[in-house]
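Here's the structure we're looking at; comments come further down.
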Amino acid sequence: MHSQSARQTCPAILVAAPASGQGKTTVTSALARLHARQGRRVRVFKCGPDFLDPHWHTLASGAPVYQLDLWMTGEADCRARLSAAAADADLIIVEGVMGLFDGTPSAADLARRFGLHVLAVVDASAMAGTFGALAFGLQHCQSGLPWAGVLANRVAGTGHSDMLRDSLNQPQDWLGALMHNPALVLPERHLGLTVASEVPDALMRLDAAADALADTPLGRMTLEDLQCWNTEFQPAENCAKQATTRLLQGKVIAVARDAAFCFLYAANLDCLQAMGADLRFFSPLENEAVPACDAVWLPGGYPELHADKIAASTLTREGLAQHIAAGLPVWAECGGMMALLDTLVTVDGKSHAQWGLLSGVVSMQKRLAALGPQQLTLKSGTLRGHTFHFSTTATTMQAATRTARPDAAVLQDAGEAMWQQGSVRASYFHAWFPSSPSAVAELFSPAPQELA
């Protein structure tokens, strides 16, 4: 990403809601798809650390999707990415996280910081006049919030739509209604939306949602109409500037990437390449050999949905075992760590042998085990990131260090363990690599036997 030498302007909206599950992702993807089909250049971002929604946004927009988070990625990184996008886009769409004011920092904080006009999506399936009060509250709860308007979702029919529109304090806030239609629902599973590439009719679903949106005032907006949401983005220094020190110059990093190992931030891949690394991808689910490399990255994903195939991927396992025996580094995040353990127990109580390259048993459960921002301090620096998992791990391995919450008084609190066994470092922690390239270089370098 290039730094910008002048201020950039572009229509920019943040798609928000009063709560999770209101339809933000569907509306964001539908709007991106609608404008992309018309030949407009659309750039989509996701507020917060989410891995899954960006798969749908990428399919809808045809462009890479990056995360924006005032803590995890940092204000300078957010500013640089938005400014770069504004330089060549016709429309910027940012999908919010949870409810508009939920979390610290919240989607509203992001909107105010960068002047993103808030489009509120409200599931109106069980309300009428209260719709107007809710929209009014979202707009006026906090001062200085740029406002685009409100879209009603899952509406019963024309009469219901009329009641919702008439309840608004300001008629110009009405951006339309999407009728209740199961065909527009994006499929979900326990960690969130199903990855778009695993849904055979994913593009058809997005086209159907775009068609429905085209019948609303929002969907009928022309390029000229969109200028009412023009936002000026100040230039920022290149957010990958630290990485240009080429700390991984000449290193080959093998990256697992398939349906079981799919939690990959585009920014992390960019960061590794900016640091000089040559990335080689392989699929454990296809039992592919581990490429000849200096280090291996096993990202998170869904090993619990593919436990038997992972167990049967003996060629991959053998390659990993040889890599580890040679003392070469492995960084395993969440799902990647789970596959390295001895056994995975699914929610039905069945045990599945895994690669057995780390000692321990991971057990899936129906409830969240951990969720939230975390930071991992190594000798070379502190990586920011997050944790989000439905499993617990029983192991005899001792934690080499632990992550901490952003507000922790000391770093050694009850955060996620980072286990180290030989040349393997593993944790439930998902790292945002641009936050500390020096720490990333440490993760992909041979591990000392003990961390200070």
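The values are calculated or read from the model by the stated rules, or taken from the named source; none is laboratory data. Computed from a predicted model, the values in this text were never measured in an experiment. Counting neighbours? That spans all protein chains shown, and the Cβs are built from the backbone with ideal geometry, glycine included.
At a glance:
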read-out	value
Pair list, Cβ under 8 Å, 6 or more apart: segment 23-39 residue without any contact (Cβ under 8 Å) to a residue 60 or more places away in the chain, other residue outside any helix (DSSP H, G or I)	His35/Val42; His35/Asp90; His35/Leu91; Ala36/Val42; Ala36/Gly62
The listed residue being of a type in the set (A, V, I, L, M) and surrounded by fewer than 19 Cβ atoms within 10 Å (Cβ to Cβ), out of Ala400, Ala404, Ala339, Ala326	Ala326
Output for segment 413-433, where each listed residue is assigned to a strand (DSSP E or B), within 13 Å of Pro373 (Cα to Cα) and among the hydrophobic types (A, V, I, L, M, F, W, C)	Ala431, Trp432
Residue that is touching a helix residue (DSSP H, G or I) at 6+ places or on another chain (Cβ under 8 Å) and either in a loop (DSSP other than H, G, I, E, B) or without any contact (Cβ under 8 Å) to a residue 24 or more places away in the chain (or both), where the choices are Leu358, Leu328, Leu344	Leu358
Residue within segment 299-320 that is part of a strand (DSSP E or B) and of a type outside the set (D, E, K, R) present	yes
Residue under evaluation Leu59, criteria (1) modelled with pLDDT of 95 or more; (2) under 29 Å from Ala260 (Cα atoms), criterion not met	(1)
Qualifying residues in segment 59-98 (those that are over 18 Å from the mean Cα position of the chain (by Cα) and charged (D, E, K, R)) - the one surrounded by the fewest Cβ atoms within 10 Å (Cβ to Cβ)	Asp88
Residues located in segment 106-131, provided they are surrounded by fewer than 18 Cβ atoms within 10 Å (Cβ to Cβ) and either within 22 Å of Phe433 (Cα to Cα) or hydrophobic (A, V, I, L, M, F, W, C) (or both)	Ala126, Met127, Ala128
Candidate set: segment 246-295, residues that are among the hydrophobic types (A, V, I, L, M, F, W, C) and part of a helix (DSSP H, G or I); chosen: the one surrounded by the fewest Cβ atoms within 10 Å (Cβ to Cβ)	Ala266
